[in-house]
Amino acid sequence: MLVLVVLAVVQVALALYVRSTLVSAAAEGARVSAVAGGDPGVGVRRTRAALASTLADGVVESVTVRGSRVAGVLTVDVAVTARLPLIGLLGPSVLVVHGHAIAEG
């Protein structure tokens, strides 16, 4: 019983680590894309580069960048879709996180 509890705690910790790493990389990609004259392709590359040296790199399925307006302010939204490295059928299997930044210019 104790082994199952320890494994469950380790699995939750791994899922939280992957989520926080994905959110951080998405926010970094949004900031790079939001620079005046920024290119969405640069944001995708920066997001993937930020994830390249982490455990989360192998689980990323897609990275998308789009511009949007929030309360009249132009923003950049980076969405990262990834698989969660979960054991068993409990919990979600796909995670989508977003990073936002206010567009310059």
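The values are calculated or read from the model by the stated rules, or taken from the named source; none is laboratory data. The structure displayed is predicted, hence computed values, not measured ones. We place every Cβ from the backbone using ideal geometry, glycine too, and count neighbours over all the protein chains shown. Only protein heavy atoms, including side chains, enter the accessible area calculation; ligands, DNA and RNA are left aside. Shrake-Rupley method; radii C 1.70, N 1.55, O 1.52, S 1.80 Å.
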Original post:
Mind checking the angle between helix 40-52 and the chain's longest principal axis? C-alpha axes, 0 to 90 degrees, to the nearest 10.
Top reply: 30
Original post:
Tell me, what is the percent relative contact order of the chain, built from C-alpha pairs under 8 Å that lie six or more residues apart?
Top reply: 31
Subject >> Carbon and sulfur %, accessible surface of the chain computed with the full protein complex present, 1.4 Å >> reply: 67
Subject >> Overall form of the range 16-78 per C-alpha gyration tensor (a/c, 1.5; a/b vs b/c) >> reply: prolate
Original post:
Looking only at Cα atoms, what is the convex hull volume of the chain per residue, in Å³?
Top reply: 94
**OP:** Measure nothing but the geometry: give the 0 to 90° angle between the long axis through the Cα atoms of 2-34 and the longest principal axis through the Cα atoms of the chain, rounded to 10°.
**Re:** 10
Subject >> P(r), alpha carbons of the range 63-105 - 5 Å bins starting at zero, rounded % >> reply: 6, 21, 20, 15, 12, 10, 8, 6, 2, 0
Subject >> Computed magnitude of the charge dipole of the chain (debye, nearest 20; Cβ of K, R +1, Cβ of D, E -1) >> reply: 40
